[in-house]
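Structure, as structure tokens:
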Amino acid sequence: MNVTHRQMSVRIERRGLPGRNGSPGDSAAMERIMHGATAETEALGQRLLAIIQERQRQDPFRLGRSIDERVLRETVGETISAKGIGADAALDLWLDKLGPYNVACDHPSYLAFIPNTANEVSIYFDFLISAMGMYGASWIEGSGAVYAENQALRWIADLAGFPDTAGGTFVPGGTLANLSALHAAREHAKRTRHGDPPRRWKLAVSAEGHSSVVSSARVLDIDLILVPVDTAHRMTGAATREALAHADTDGLIGITAAAGSTNLGVIDDLAGIADVCAEYGVWFHVDGAYGAAALAAPSKRAAFTGIERADSLIVDPHKWLFAPYDSAALIYRDAERGRFAHSQSAAYLDVMHGNDEWNPADYAIQLSRRPRGLPFWFSLVVHGTDAHAAAIEQTLVMAREVADLIRADDRFELLNDPELTVLVFKRHGWTAADYDAWSKSLIEREIAFVVPSQVNGEAVARLVILNPRTTLDDIRRVLATMD
Ligand SMILES: *Cc1c(COP(=O)(O)O)cnc(C)c1O
């Protein structure tokens, strides 16, 4: 490097914080803001590590709850000041006044929405990503991280039965993964279409498809062709064929199916829908944000038949694959199609594209990125794939046992035979308001987090079991509160 001492000192000065009139600020402030391994930062690190380790030891740890903003305004007030309050006081502020008002999504009694199942090793590894300034957008900066993430993607691709051409990246969530995949589907349709562009681009999706597919279509400004579900809330190939026969399909870019619907955990008729995609020559996208994790469970693999014909597949490690938020895997059957749609080009990025190295930024709507697939990869490396499969099998067994528990209780009517790990049931005599009051009181007392849902327009109780640490006793405790 031929940087002279003078140039170096200029650089260091420039890194100082600007003072009042734009001149370099005092270097003490800079020292304080950036690392300096001061006694204060070291103590902070130790306190944090102790808190995190203690949380892993506690069984169960605190569930947490939410609170009115009005109360926080009164009890916490302004937190940010010109001078700062120092690390100790800031951490105390968080621990005493804000931390308790967050619900732990990985708690065994968190049974609402779709829970999180982050395990200890993935949580620890997640720290390292921030601590090391890791950047996962390009091979030149993150080759080790990208190599590791790609092995984790390959594990999923192999479970799905994808060919060697498959590849993709990790994005923050299923929503961005769906959007990125559907953008690639439309780019592919554009590129391969003969003749004039259509009046409108279109996507066929189940009438009960995830809200993020609907919102992706809105972002992309494409129209939806809704396919009615059968009585088991499943989208079938036959119904899809029928819906398309009655629609104007000019501009159809593809069909989206769910491998595990969110409300009921239903796996759509993937093989039948793949056939329809082949008949129309359109993209087959599988939204497996929640359910595709069960590809790893040998007892469930057959239910996913047809997934191997998908053009794109998503699955969230932050749901049922034991990783912390946030992480969604997006895999294209032919990675080239993802790159064609997403690669960004600019003078300052050309250095990234000088060769055929793998740049994750090329496969989704993102540039700068945390290598958010790494905690998931680390768990696979530490525990092995068998342990992951066994933990998923365990939750499937637990869901069936809970189904039996509900069936055996004459206060309840179970509304689904669980395909995966979602259970919906009615409490005889309850109105929508009763379910709401019950849900609210459970979380206020930090007993469990359960939110009602609707099936066929009727209010129902819904339990989602993803955590291998959830026990039948946890569930019994929740059911006991439904008197
Ligand atoms: C959770 C979910 C999504 C959205 O994923 P996020 O990670 O929350 O953005 C999409 N589709 C299905 C089927 C889901 O269950």
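The values are calculated or read from the model by the stated rules, or taken from the named source; none is laboratory data. Note that this is a predicted model, so its numbers are computed, not measured. Using ideal geometry, Cβ is built from the backbone for each residue, glycine included, and neighbour counts are taken over all protein chains shown. Surface areas here come from the heavy atoms of the whole protein model, side chains and all, with no ligands, DNA or RNA. Shrake-Rupley method; radii C 1.70, N 1.55, O 1.52, S 1.80 Å.
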*When you look at Leu224, is it over 19 Å from the mean Cα position of the chain (by Cα), open to solvent by 20 Å² or more (accessible area, probe 1.4 Å) and within 16 Å of the ligand (Cβ to nearest atom), yes or no?*
yes
*Right, Gly209: within 20 Å of Ile331 (Cα to Cα), modelled with pLDDT under 95 and within 11 Å of the ligand (Cβ to nearest atom) or not?*
yes
_Taking the conditions exactly as written (within 11 Å of the ligand (Cβ to nearest atom), touching a residue at least 60 places away in the same chain (Cβ under 8 Å) and surrounded by 24 or more Cβ atoms within 10 Å (Cβ to Cβ)), does Asp316 satisfy them or not?_
yes
*If we only count strands (runs of 3 or more DSSP E) wholly inside the range 148-236, which ones have 2 or more residues that are not hydrophobic (A, V, I, L, M, F, W, C)?*
167-171, 202-206
_Criterion first (of a type in the set (Gly, Ala, Ser), within 16 Å of the ligand (Cβ to nearest atom), surrounded by fewer than 15 Cβ atoms within 10 Å (Cβ to Cβ) and closer than 20 Å to Ile314 by Cα) does Ser215 satisfy it?_
yes
_Test result for Ala274, under 22 Å from Gly373 (Cα atoms), crowded, with 17+ Cβ neighbours inside 10 Å and of a type in the set (Gly, Ala, Ser)_ = no
_Members of the range 344-402 found to be closer than 30 Å to Thr470 by Cβ and acidic (Asp, Glu), listed by number_ = Asp386, Glu393, Glu401
*Pick from the range 176-203 the residues that are farther than 27 Å from Tyr325 by Cα and in contact (Cβ under 8 Å) with a residue 60 or more places away in the chain: which of them is nearest to the ligand (Cβ to nearest atom)?*
Arg186
*Among residues belonging to the range 280-294 that are buried (at least 24 other Cβ atoms within 10 Å of the Cβ) and outside any strand (DSSP E or B), point out the one that is farthest from the ligand (Cβ to nearest atom).*
Ala294
*Filtering the range 295-313 down to residues that are among the hydrophobic types (A, V, I, L, M, F, W, C) and over 26 Å from Cys105 (Cα atoms), which residue is most open to solvent (accessible area, probe 1.4 Å)?*
Ala302
_Suppose we keep only residues that are loosely packed, with under 15 Cβ neighbours inside 10 Å and out of contact with any Pro (no Cβ under 7 Å at 6 or more places or on another chain) within the range 239-264. Which one would you say is nearest to His210 (Cα to Cα)?_
Glu242
_Exactly one of these conditions fails for Phe322: (1) among the aromatic types (Phe, Trp, Tyr); (2) more than 16 Å from the ligand (Cβ to nearest atom); (3) open to solvent by 10 Å² or more (accessible area, probe 1.4 Å); (4) at pLDDT 95 or above. Give me its number._
(2)
